[in-house]
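Structure first, then comments.
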Amino acid sequence: MRGFIKKKDFKDILKDGISIMVGGFLTNGTPETLIDYVVESKVKNLTIICNDGGYEDKGVGKLIVNNQVRKLIASHIGTNPYVGQLMQEGKIEVELVPQGTLAERIRAFGAGLGGILTPTGLDTIVESNKQVLEVNGKKYLLEEPLGADLALLGGAVVANNGNLKYKETMRNFNPVMATAAEIVVVEPFIRVEEIDPEDVITPYPFVDYILVGDDNE
Amino acid sequence: MNEKEVIASRIALELKEGDLVNLGIGIPTLVADYVPEDKHVTFQAENGIIGLGPLTDEETNIVNAGGMKATIKKGGAFIDSTLSFTFIRGGHIDVTVLGALEVDQEGSIASWIIPGKKVPGMGGAMDLVTGAKKVIIALKHTNKGQSKVLKKCTLPLTAAHQANLIVTEMAVLSVEKSGLKLLEVHPDYTVEDVIKATEAELIIDNVVPMKGVAI
(Lines give C-alpha, C1' and ligand atoms only; values in the text may rest on other atoms or scores of the structure.)
Protein backbone atom coordinates (compact mmCIF):
# COMPACT_ATOMS: atom_id res chain seq x y z
CA MET A 1 0.00 0.00 0.00
CA ARG A 2 1.26 3.47 -0.88
CA GLY A 3 -0.92 5.33 1.60
CA PHE A 4 -4.02 7.34 2.36
CA ILE A 5 -5.34 9.76 -0.18
CA LYS A 6 -7.59 12.81 -0.06
CA LYS A 7 -9.94 14.18 -2.65
CA LYS A 8 -7.42 16.53 -4.23
CA ASP A 9 -4.70 13.87 -4.60
CA PHE A 10 -7.22 11.46 -6.03
CA LYS A 11 -8.33 14.00 -8.62
CA ASP A 12 -4.68 14.45 -9.63
CA ILE A 13 -4.59 10.79 -10.71
CA LEU A 14 -7.46 11.30 -13.14
CA LYS A 15 -6.68 12.08 -16.77
CA ASP A 16 -8.68 12.27 -19.99
CA GLY A 17 -8.85 8.98 -21.87
CA ILE A 18 -7.89 6.61 -19.04
CA SER A 19 -9.60 3.28 -18.38
CA ILE A 20 -11.29 2.80 -15.02
CA MET A 21 -12.64 -0.40 -13.47
CA VAL A 22 -15.41 0.18 -10.98
CA GLY A 23 -16.49 -2.46 -8.49
CA GLY A 24 -20.11 -3.13 -7.59
CA PHE A 25 -23.15 -4.97 -8.89
CA LEU A 26 -26.11 -2.77 -9.76
CA THR A 27 -24.27 -0.21 -7.58
CA ASN A 28 -24.19 -2.53 -4.52
CA GLY A 29 -20.54 -2.20 -3.48
CA THR A 30 -19.81 0.70 -5.82
CA PRO A 31 -17.64 3.55 -4.42
CA GLU A 32 -20.11 6.42 -4.91
CA THR A 33 -17.89 9.14 -3.38
CA LEU A 34 -14.98 8.31 -5.70
CA ILE A 35 -17.37 8.41 -8.65
CA ASP A 36 -18.65 11.80 -7.51
CA TYR A 37 -15.05 13.05 -7.56
CA VAL A 38 -14.59 11.71 -11.10
CA VAL A 39 -17.77 13.57 -12.08
CA GLU A 40 -16.43 16.78 -10.47
CA SER A 41 -13.08 16.37 -12.25
CA LYS A 42 -14.83 16.52 -15.65
CA VAL A 43 -12.24 14.16 -17.21
CA LYS A 44 -13.48 12.88 -20.57
CA ASN A 45 -13.21 9.99 -23.02
CA LEU A 46 -13.08 7.43 -20.24
CA THR A 47 -13.28 3.69 -20.78
CA ILE A 48 -15.38 2.29 -17.93
CA ILE A 49 -15.31 -1.39 -17.01
CA CYS A 50 -18.11 -2.36 -14.65
CA ASN A 51 -20.58 -5.21 -14.27
CA ASP A 52 -23.41 -2.96 -15.45
CA GLY A 53 -24.30 0.60 -16.46
CA GLY A 54 -25.66 1.45 -13.00
CA TYR A 55 -28.60 3.80 -12.76
CA GLU A 56 -28.91 7.29 -14.18
CA ASP A 57 -28.31 8.81 -10.73
CA LYS A 58 -26.15 6.09 -9.19
CA GLY A 59 -22.90 4.24 -9.79
CA VAL A 60 -21.09 4.56 -13.12
CA GLY A 61 -24.42 5.79 -14.52
CA LYS A 62 -23.51 9.23 -13.16
CA LEU A 63 -20.39 9.33 -15.37
CA ILE A 64 -22.38 8.20 -18.39
CA VAL A 65 -25.11 10.81 -17.84
CA ASN A 66 -22.35 13.42 -17.52
CA ASN A 67 -21.06 12.35 -20.97
CA GLN A 68 -17.60 11.46 -19.65
CA VAL A 69 -17.59 7.91 -21.01
CA ARG A 70 -16.41 7.01 -24.52
CA LYS A 71 -16.60 3.26 -24.04
CA LEU A 72 -18.44 1.05 -21.56
CA ILE A 73 -17.50 -2.60 -21.08
CA ALA A 74 -20.28 -4.29 -19.07
CA SER A 75 -22.56 -7.32 -18.92
CA HIS A 76 -25.84 -5.45 -18.51
CA ILE A 77 -27.09 -1.95 -19.29
CA GLY A 78 -30.85 -2.42 -18.86
CA THR A 79 -31.10 -0.38 -15.64
CA ASN A 80 -29.73 2.78 -17.25
CA PRO A 81 -31.87 3.81 -20.25
CA TYR A 82 -29.50 6.71 -21.01
CA VAL A 83 -26.85 4.22 -22.16
CA GLY A 84 -29.21 2.85 -24.81
CA GLN A 85 -30.03 6.38 -25.92
CA LEU A 86 -26.34 7.33 -26.28
CA MET A 87 -25.70 4.06 -28.16
CA GLN A 88 -28.39 4.89 -30.70
CA GLU A 89 -26.93 8.38 -31.15
CA GLY A 90 -23.49 6.82 -31.66
CA LYS A 91 -22.10 8.77 -28.70
CA ILE A 92 -20.90 5.80 -26.68
CA GLU A 93 -19.35 2.48 -27.59
CA VAL A 94 -20.71 -0.41 -25.55
CA GLU A 95 -19.03 -3.82 -25.39
CA LEU A 96 -21.43 -6.29 -23.81
CA VAL A 97 -19.60 -9.19 -22.17
CA PRO A 98 -21.18 -12.22 -20.47
CA GLN A 99 -20.83 -11.64 -16.74
CA GLY A 100 -18.69 -14.71 -16.05
CA THR A 101 -16.47 -13.92 -19.01
CA LEU A 102 -16.07 -10.35 -17.73
CA ALA A 103 -14.96 -11.63 -14.32
CA GLU A 104 -12.58 -14.18 -15.84
CA ARG A 105 -11.05 -11.72 -18.33
CA ILE A 106 -10.24 -9.41 -15.43
CA ARG A 107 -8.91 -12.33 -13.40
CA ALA A 108 -6.74 -13.38 -16.36
CA PHE A 109 -5.16 -9.94 -16.56
CA GLY A 110 -4.53 -9.85 -12.82
CA ALA A 111 -3.05 -13.35 -12.88
CA GLY A 112 -0.81 -12.73 -15.90
CA LEU A 113 -2.68 -15.14 -18.17
CA GLY A 114 -2.87 -14.66 -21.92
CA GLY A 115 -6.62 -15.15 -21.96
CA ILE A 116 -9.24 -17.71 -21.08
CA LEU A 117 -11.07 -20.42 -23.02
CA THR A 118 -14.81 -20.68 -22.40
CA PRO A 119 -17.82 -22.20 -24.15
CA THR A 120 -19.95 -19.22 -23.02
CA GLY A 121 -20.96 -17.20 -26.07
CA LEU A 122 -20.34 -19.93 -28.68
CA ASP A 123 -22.84 -19.73 -31.58
CA THR A 124 -23.92 -16.24 -30.50
CA ILE A 125 -23.04 -12.63 -31.39
CA VAL A 126 -20.36 -12.80 -28.67
CA GLU A 127 -18.38 -15.17 -30.92
CA SER A 128 -17.90 -12.55 -33.69
CA ASN A 129 -14.28 -11.70 -34.42
CA LYS A 130 -12.97 -14.15 -31.84
CA GLN A 131 -10.87 -17.26 -32.22
CA VAL A 132 -12.60 -20.58 -31.61
CA LEU A 133 -10.16 -23.19 -30.31
CA GLU A 134 -10.69 -26.88 -29.86
CA VAL A 135 -9.28 -28.64 -26.80
CA ASN A 136 -9.81 -32.39 -26.36
CA GLY A 137 -12.63 -32.28 -28.88
CA LYS A 138 -14.53 -29.42 -27.20
CA LYS A 139 -14.90 -25.94 -28.68
CA TYR A 140 -14.08 -22.80 -26.74
CA LEU A 141 -13.93 -19.06 -27.38
CA LEU A 142 -10.64 -17.34 -26.71
CA GLU A 143 -11.37 -14.32 -24.52
CA GLU A 144 -8.59 -11.83 -23.96
CA PRO A 145 -7.40 -10.45 -20.61
CA LEU A 146 -8.85 -7.15 -19.44
CA GLY A 147 -6.96 -4.64 -17.31
CA ALA A 148 -7.26 -0.92 -16.58
CA ASP A 149 -5.29 2.16 -15.60
CA LEU A 150 -7.30 2.62 -12.44
CA ALA A 151 -9.62 0.50 -10.27
CA LEU A 152 -12.09 2.04 -7.85
CA LEU A 153 -13.27 -0.31 -5.12
CA GLY A 154 -16.16 -0.02 -2.67
CA GLY A 155 -18.01 -2.00 -0.03
CA ALA A 156 -14.75 -2.61 1.77
CA VAL A 157 -13.90 -3.16 5.40
CA VAL A 158 -10.48 -1.52 5.42
CA ALA A 159 -7.69 -2.25 7.89
CA ASN A 160 -5.09 0.40 8.67
CA ASN A 161 -2.42 -1.45 6.68
CA GLY A 162 -4.65 -1.73 3.60
CA ASN A 163 -5.91 -5.28 4.03
CA LEU A 164 -9.51 -5.59 2.87
CA LYS A 165 -12.55 -7.72 3.31
CA TYR A 166 -15.98 -6.81 2.03
CA LYS A 167 -19.37 -6.27 3.59
CA GLU A 168 -21.99 -8.83 2.56
CA THR A 169 -22.85 -8.86 -1.17
CA MET A 170 -20.73 -5.77 -1.82
CA ARG A 171 -17.79 -8.09 -2.53
CA ASN A 172 -18.82 -9.01 -6.11
CA PHE A 173 -16.29 -7.63 -8.66
CA ASN A 174 -14.21 -5.68 -6.12
CA PRO A 175 -11.59 -8.36 -5.22
CA VAL A 176 -10.84 -9.33 -8.82
CA MET A 177 -10.61 -5.71 -9.95
CA ALA A 178 -8.08 -5.11 -7.17
CA THR A 179 -5.70 -7.39 -9.10
CA ALA A 180 -6.04 -5.91 -12.57
CA ALA A 181 -5.32 -2.17 -12.52
CA GLU A 182 -2.18 -0.04 -12.47
CA ILE A 183 -3.53 2.01 -9.54
CA VAL A 184 -6.11 0.67 -7.07
CA VAL A 185 -8.06 3.12 -4.91
CA VAL A 186 -10.43 1.98 -2.16
CA GLU A 187 -13.33 3.92 -0.67
CA PRO A 188 -13.84 2.41 2.80
CA PHE A 189 -17.30 1.31 3.83
CA ILE A 190 -15.97 0.70 7.34
CA ARG A 191 -12.50 1.34 8.82
CA VAL A 192 -11.05 -1.11 11.34
CA GLU A 193 -7.69 -1.44 13.09
CA GLU A 194 -6.87 -4.80 11.57
CA ILE A 195 -8.41 -7.85 9.94
CA ASP A 196 -7.67 -11.39 11.09
CA PRO A 197 -5.24 -12.87 8.52
CA GLU A 198 -7.65 -15.75 7.92
CA ASP A 199 -10.39 -13.32 6.88
CA VAL A 200 -8.46 -11.03 4.52
CA ILE A 201 -9.94 -11.15 1.00
CA THR A 202 -7.72 -8.57 -0.70
CA PRO A 203 -4.21 -8.44 0.84
CA TYR A 204 -2.64 -4.96 1.12
CA PRO A 205 -0.04 -5.32 -1.69
CA PHE A 206 -2.93 -5.08 -4.18
CA VAL A 207 -4.09 -1.77 -2.69
CA ASP A 208 -2.44 1.52 -3.63
CA TYR A 209 -4.55 4.17 -1.96
CA ILE A 210 -7.32 4.42 0.60
CA LEU A 211 -9.62 7.41 0.45
CA VAL A 212 -9.85 9.40 3.66
CA GLY A 213 -12.04 12.38 4.63
CA ASP A 214 -11.44 15.60 2.76
CA ASP A 215 -11.33 17.87 5.81
CA ASN A 216 -9.18 20.53 4.15
CA GLU A 217 -9.00 19.13 0.64
CA MET B 1 -53.45 -19.31 -9.78
CA ASN B 2 -52.53 -16.85 -12.50
CA GLU B 3 -50.38 -17.90 -15.45
CA LYS B 4 -47.09 -16.89 -13.83
CA GLU B 5 -47.97 -18.79 -10.67
CA VAL B 6 -48.85 -21.89 -12.68
CA ILE B 7 -45.45 -21.79 -14.38
CA ALA B 8 -43.53 -21.15 -11.14
CA SER B 9 -45.33 -23.80 -9.10
CA ARG B 10 -44.85 -26.44 -11.81
CA ILE B 11 -41.13 -25.69 -12.08
CA ALA B 12 -40.74 -25.97 -8.29
CA LEU B 13 -41.62 -29.68 -8.64
CA GLU B 14 -38.50 -30.15 -10.78
CA LEU B 15 -36.17 -29.14 -7.94
CA LYS B 16 -34.77 -32.04 -5.96
CA GLU B 17 -33.59 -32.36 -2.38
CA GLY B 18 -30.03 -31.00 -2.15
CA ASP B 19 -30.08 -29.12 -5.46
CA LEU B 20 -28.07 -25.92 -5.93
CA VAL B 21 -30.30 -23.66 -8.02
CA ASN B 22 -29.98 -20.28 -9.74
CA LEU B 23 -33.22 -18.46 -10.53
CA GLY B 24 -33.38 -15.68 -13.12
CA ILE B 25 -35.38 -12.46 -12.87
CA GLY B 26 -39.16 -12.39 -13.41
CA ILE B 27 -41.25 -15.58 -13.34
CA PRO B 28 -38.20 -17.70 -12.29
CA THR B 29 -37.85 -15.69 -9.06
CA LEU B 30 -41.35 -16.84 -8.04
CA VAL B 31 -40.27 -20.50 -8.13
CA ALA B 32 -38.68 -20.19 -4.65
CA ASP B 33 -42.13 -19.46 -3.16
CA TYR B 34 -43.37 -22.92 -4.18
CA VAL B 35 -40.55 -25.05 -2.79
CA PRO B 36 -41.84 -26.78 0.37
CA GLU B 37 -39.84 -25.98 3.51
CA ASP B 38 -38.88 -29.60 4.13
CA LYS B 39 -37.24 -29.85 0.71
CA HIS B 40 -33.69 -28.57 1.09
CA VAL B 41 -32.85 -26.55 -1.97
CA THR B 42 -30.03 -23.97 -1.93
CA PHE B 43 -30.42 -20.89 -4.08
CA GLN B 44 -27.41 -19.15 -5.57
CA ALA B 45 -27.45 -15.51 -6.69
CA GLU B 46 -24.76 -14.70 -9.22
CA ASN B 47 -23.84 -11.40 -7.55
CA GLY B 48 -22.38 -13.54 -4.78
CA ILE B 49 -24.69 -15.46 -2.47
CA ILE B 50 -24.84 -19.17 -1.70
CA GLY B 51 -28.04 -19.61 0.30
CA LEU B 52 -30.15 -16.71 -0.92
CA GLY B 53 -33.19 -16.10 1.30
CA PRO B 54 -36.42 -14.15 0.75
CA LEU B 55 -36.63 -10.44 -0.14
CA THR B 56 -36.80 -7.92 2.70
CA ASP B 57 -37.95 -4.33 3.30
CA GLU B 58 -35.43 -3.83 6.07
CA GLU B 59 -32.23 -1.81 5.73
CA THR B 60 -29.47 -4.11 4.42
CA ASN B 61 -26.44 -4.21 2.14
CA ILE B 62 -27.49 -7.61 0.83
CA VAL B 63 -29.03 -7.60 -2.63
CA ASN B 64 -30.04 -10.34 -5.04
CA ALA B 65 -28.96 -10.53 -8.69
CA GLY B 66 -31.78 -8.13 -9.58
CA GLY B 67 -30.43 -5.53 -7.16
CA MET B 68 -33.36 -6.02 -4.77
CA LYS B 69 -32.87 -6.07 -0.99
CA ALA B 70 -32.63 -9.69 0.08
CA THR B 71 -31.50 -11.97 2.88
CA ILE B 72 -29.08 -14.84 3.33
CA LYS B 73 -30.05 -18.17 4.89
CA LYS B 74 -28.34 -19.46 8.01
CA GLY B 75 -25.22 -21.35 6.93
CA GLY B 76 -24.94 -19.37 3.71
CA ALA B 77 -21.87 -17.72 2.19
CA PHE B 78 -20.94 -14.50 0.44
CA ILE B 79 -18.61 -15.00 -2.51
CA ASP B 80 -17.00 -12.81 -5.14
CA SER B 81 -17.92 -12.76 -8.83
CA THR B 82 -15.13 -15.10 -9.95
CA LEU B 83 -16.11 -17.80 -7.45
CA SER B 84 -19.76 -17.22 -8.25
CA PHE B 85 -19.10 -17.90 -11.92
CA THR B 86 -16.87 -20.83 -11.04
CA PHE B 87 -20.03 -22.34 -9.57
CA ILE B 88 -21.99 -21.40 -12.69
CA ARG B 89 -19.49 -22.17 -15.44
CA GLY B 90 -17.86 -25.15 -13.78
CA GLY B 91 -21.01 -27.27 -13.76
CA HIS B 92 -21.69 -26.92 -10.03
CA ILE B 93 -25.22 -25.53 -10.44
CA ASP B 94 -27.78 -28.35 -10.66
CA VAL B 95 -30.63 -26.34 -12.13
CA THR B 96 -31.05 -22.86 -13.57
CA VAL B 97 -34.46 -21.40 -14.34
CA LEU B 98 -34.49 -18.50 -16.78
CA GLY B 99 -37.03 -16.51 -18.72
CA ALA B 100 -36.71 -16.08 -22.49
CA LEU B 101 -38.12 -14.13 -25.41
CA GLU B 102 -38.00 -17.23 -27.61
CA VAL B 103 -37.01 -20.86 -27.29
CA ASP B 104 -36.89 -23.44 -30.06
CA GLN B 105 -37.27 -27.16 -30.65
CA GLU B 106 -33.48 -27.59 -30.74
CA GLY B 107 -33.19 -26.10 -27.25
CA SER B 108 -31.73 -22.81 -28.41
CA ILE B 109 -32.63 -19.77 -26.33
CA ALA B 110 -33.00 -16.06 -27.13
CA SER B 111 -33.32 -13.78 -24.12
CA TRP B 112 -31.04 -10.78 -24.15
CA ILE B 113 -31.52 -8.52 -27.14
CA ILE B 114 -34.16 -7.28 -29.56
CA PRO B 115 -31.98 -5.61 -32.21
CA GLY B 116 -32.89 -1.99 -32.81
CA LYS B 117 -35.36 -1.98 -29.94
CA LYS B 118 -33.97 -3.18 -26.68
CA VAL B 119 -30.44 -4.11 -25.69
CA PRO B 120 -30.39 -4.82 -21.96
CA GLY B 121 -27.38 -7.14 -22.23
CA MET B 122 -26.91 -10.76 -21.29
CA GLY B 123 -25.81 -10.34 -17.67
CA GLY B 124 -25.08 -13.84 -16.39
CA ALA B 125 -27.61 -15.63 -18.61
CA MET B 126 -25.14 -16.89 -21.24
CA ASP B 127 -22.92 -18.35 -18.52
CA LEU B 128 -25.87 -19.93 -16.71
CA VAL B 129 -27.42 -21.70 -19.69
CA THR B 130 -24.00 -22.91 -20.84
CA GLY B 131 -22.75 -24.10 -17.45
CA ALA B 132 -25.72 -25.37 -15.45
CA LYS B 133 -26.46 -29.11 -15.47
CA LYS B 134 -30.16 -28.59 -16.20
CA VAL B 135 -31.68 -25.55 -17.92
CA ILE B 136 -35.39 -24.86 -17.45
CA ILE B 137 -36.94 -22.09 -19.51
CA ALA B 138 -39.98 -20.37 -18.00
CA LEU B 139 -42.04 -18.29 -20.38
CA LYS B 140 -45.53 -17.43 -21.55
CA HIS B 141 -46.47 -19.70 -24.44
CA THR B 142 -47.39 -16.83 -26.74
CA ASN B 143 -46.85 -13.10 -27.08
CA LYS B 144 -49.76 -11.19 -28.69
CA GLY B 145 -50.92 -14.42 -30.30
CA GLN B 146 -47.46 -15.27 -31.65
CA SER B 147 -45.86 -18.49 -30.43
CA LYS B 148 -42.68 -18.10 -28.40
CA VAL B 149 -41.92 -21.82 -28.79
CA LEU B 150 -40.46 -21.95 -32.28
CA LYS B 151 -38.88 -24.24 -34.86
CA LYS B 152 -35.90 -21.89 -34.84
CA CYS B 153 -35.27 -18.75 -32.79
CA THR B 154 -35.43 -15.54 -34.83
CA LEU B 155 -33.68 -13.27 -32.29
CA PRO B 156 -29.93 -13.41 -31.51
CA LEU B 157 -29.19 -16.40 -29.30
CA THR B 158 -28.22 -16.55 -25.67
CA ALA B 159 -26.95 -20.07 -26.37
CA ALA B 160 -27.57 -22.88 -28.83
CA HIS B 161 -28.91 -26.30 -27.79
CA GLN B 162 -28.88 -25.70 -24.03
CA ALA B 163 -32.53 -25.78 -22.88
CA ASN B 164 -33.66 -29.09 -21.34
CA LEU B 165 -37.19 -28.32 -20.19
CA ILE B 166 -39.70 -25.64 -21.21
CA VAL B 167 -42.56 -24.74 -18.91
CA THR B 168 -45.37 -22.41 -20.01
CA GLU B 169 -48.85 -21.69 -18.64
CA MET B 170 -50.16 -24.25 -21.16
CA ALA B 171 -47.66 -27.07 -21.20
CA VAL B 172 -44.45 -28.78 -20.14
CA LEU B 173 -42.11 -29.72 -22.99
CA SER B 174 -38.79 -31.50 -22.98
CA VAL B 175 -36.02 -31.00 -25.52
CA GLU B 176 -34.94 -34.44 -26.73
CA LYS B 177 -32.41 -35.48 -29.38
CA SER B 178 -35.38 -36.51 -31.52
CA GLY B 179 -37.15 -33.15 -31.08
CA LEU B 180 -39.51 -31.31 -28.75
CA LYS B 181 -41.69 -33.64 -26.73
CA LEU B 182 -45.02 -32.54 -25.25
CA LEU B 183 -45.11 -34.05 -21.76
CA GLU B 184 -47.92 -32.31 -19.89
CA VAL B 185 -50.84 -30.02 -20.69
CA HIS B 186 -52.59 -27.70 -18.23
CA PRO B 187 -56.17 -28.89 -17.56
CA ASP B 188 -57.57 -25.60 -18.93
CA TYR B 189 -56.26 -26.55 -22.38
CA THR B 190 -56.37 -29.48 -24.77
CA VAL B 191 -53.47 -31.01 -26.69
CA GLU B 192 -55.01 -29.40 -29.80
CA ASP B 193 -54.86 -25.97 -28.12
CA VAL B 194 -51.17 -26.46 -27.42
CA ILE B 195 -50.43 -27.60 -30.98
CA LYS B 196 -52.24 -24.49 -32.30
CA ALA B 197 -50.30 -22.15 -29.98
CA THR B 198 -46.92 -23.74 -30.82
CA GLU B 199 -44.93 -23.02 -33.95
CA ALA B 200 -42.42 -25.78 -33.16
CA GLU B 201 -43.09 -29.35 -34.25
CA LEU B 202 -44.17 -31.44 -31.30
CA ILE B 203 -43.61 -35.10 -30.55
CA ILE B 204 -46.86 -36.28 -29.02
CA ASP B 205 -46.83 -39.65 -27.39
CA ASN B 206 -48.04 -39.98 -23.85
CA VAL B 207 -49.34 -36.60 -22.65
CA VAL B 208 -50.51 -36.25 -19.05
CA PRO B 209 -52.21 -33.38 -17.15
CA MET B 210 -49.80 -30.77 -15.79
CA LYS B 211 -48.45 -31.94 -12.44
CA GLY B 212 -49.09 -29.91 -9.31
CA VAL B 213 -52.05 -28.07 -10.78
CA ALA B 214 -55.35 -28.38 -8.90
CA ILE B 215 -58.26 -29.07 -11.22
(message) Testing B:I25 on (1) modelled with pLDDT of 95 or more; (2) within 10 Å of chain A (Cβ to nearest Cβ), one condition comes back false. Which one is that?
(response) (1)
(message) Any residue in the range B:42-53 that is polar (S, T, N, Q) sitting within a Cβ distance under 6 Å of a residue that is surrounded by 24 or more Cβ atoms within 10 Å (Cβ to Cβ)? List the pairs, counting only those 6 or more apart or interchain.
(response) B:Q44/B:N22; B:N47/A:F25; B:N47/A:T169; B:N47/A:N172; B:N47/B:A65
(message) Just to confirm my filter: which strands (runs of 3 or more DSSP E) fall fully inside the range A:1-59 and include at least 3 residues that are crowded, with 16+ Cβ neighbours inside 10 Å?
(response) A:19-22, A:46-49
(request) Output the number of the condition that B:V194 fails; it satisfies all remaining conditions of (1) crowded, with 20+ Cβ neighbours inside 10 Å; (2) within 14 Å of chain A (Cβ to nearest Cβ); (3) more than 29 Å from A:Y140 (Cα to Cα); (4) not aromatic (F, W, Y). (result) (2)
(request) Please enumerate the residues belonging to the range B:183-215 that are at pLDDT 95 or above and in contact with a Ser or Thr (Cβ under 8 Å, 6 or more places away or on another chain). (result) B:L183, B:A197, B:T198, B:E199, B:A200, B:I203
(message) Only one of A:F189, A:F173 is farther than 14 Å from A:N161 by Cβ and in contact with a Cys (Cβ under 9 Å, 6 or more places away or on another chain). Can you tell me which?
(response) A:F173
(message) Consider the range B:169-194. How many of its residues are touching a strand residue (DSSP E or B) at 6+ places or on another chain (Cβ under 6 Å) and closer than 23 Å to B:T154 by Cβ?
(response) 8
(request) Working only within the range A:60-76, note down all residues that are away from chain B (no Cβ under 14 Å) and not in a helix (DSSP H, G or I). (result) A:N66, A:N67, A:Q68, A:V69, A:R70, A:K71
(message) Let me confirm something: among A:T79, A:T101, A:T120, which residue is part of a loop (DSSP other than H, G, I, E, B), within 10 Å of chain B (Cβ to nearest Cβ) and either under 17 Å from the mean Cα position of the chain (by Cα) or touching a residue at least 24 places away in the same chain (Cβ under 8 Å) (or both)?
(response) A:T79
(request) Can you tell me which residue within the range A:108-117, out of those that are within 12 Å of chain B (Cβ to nearest Cβ) and in contact with a strand residue (DSSP E or B) (Cβ under 8 Å, 6 or more places away or on another chain), is surrounded by the fewest Cβ atoms within 10 Å (Cβ to Cβ)? (result) A:L117
(request) Collect the residues in the range A:84-98 that are in a loop (DSSP other than H, G, I, E, B) and either within 9 Å of chain B (Cβ to nearest Cβ) or farther than 20 Å from A:V69 by Cβ (or both), keeping them in residue-number order. (result) A:V97, A:P98
(request) Can you give me the number of residues within the range A:151-208 that are away from every other protein chain (no Cβ under 12 Å) and of a type in the set (S, T, N, Q)? (result) 3
(message) Here is a list: A:V184, A:V158. Which entry is in contact with an Asp or Glu (Cβ under 6 Å, 6 or more places away or on another chain), surrounded by 24 or more Cβ atoms within 10 Å (Cβ to Cβ) and free of Cβ contacts under 8 Å to residues at least 60 places away in the same chain?
(response) A:V184
(request) Could you tell me whether the range A:129-136 includes any residue that is within 27 Å of A:G23 (Cα to Cα) and within 13 Å of chain B (Cβ to nearest Cβ)? (result) no
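Quick grid of which residues meet (1) closer than 30 Å to B:I195 by Cβ; (2) away from every other protein chain (no Cβ under 11 Å); (3) charged (D, E, K, R); (4) under 14 Å from the mean Cα position of the chain (by Cα):
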position	(1), (2), (3), (4)
B:L55	no, yes, no, no
B:K69	no, no, yes, no
B:A100	yes, yes, no, yes
B:Q105	yes, yes, no, no
B:G123	no, no, no, no
(request) Would you be able to say whether some residue in the range A:202-213 is part of a loop (DSSP other than H, G, I, E, B), β-branched (V, I, T) and surrounded by fewer than 22 Cβ atoms within 10 Å (Cβ to Cβ)? (result) yes
(request) Output the number of residues of the range B:135-152 satisfying the condition of being in a strand (DSSP E or B) and touching a residue at least 60 places away in the same chain (Cβ under 8 Å). (result) 2
(message) Can you tell me which residue is nearest to A:A148 (Cα to Cα) among those in the range A:16-47 that are within 14 Å of another protein chain (Cβ to nearest Cβ) and of a type in the set (A, V, I, L, M, F, W, C)?
(response) A:M21
(request) Say whether the condition of being under 26 Å from A:D12 (Cβ atoms), basic (K, R) and in contact with a strand residue (DSSP E or B) (Cβ under 6 Å, 6 or more places away or on another chain) is met by at least one residue in the range A:133-140. (result) no
(request) Please find, among B:L128, B:L150, the residue that is crowded, with 17+ Cβ neighbours inside 10 Å and within 9 Å of chain A (Cβ to nearest Cβ). (result) B:L128
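Which one is farthest from the other protein chains (Cβ to nearest Cβ), of the residues in the range B:75-98 that are touching a Gly at 6+ places or on another chain (Cβ under 9 Å) and of a type in the set (V, I, T)?
Taking the candidates together, the pick is B:V97.
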(message) Which residue is farthest from B:A70 (Cα to Cα), if the candidates are limited to the range B:34-56 and must be in contact with a helix residue (DSSP H, G or I) (Cβ under 7 Å, 6 or more places away or on another chain) and of a type outside the set (A, V, I, L, M, F, W, C)?
(response) B:Y34
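The values are calculated or read from the model by the stated rules, or taken from the named source; none is laboratory data. If you're wondering where the values come from, they're calculated on a predicted model, not measured in any experiment. Note that we place each Cβ from the backbone using ideal geometry, even for glycine, and neighbour counts take in every protein chain shown.
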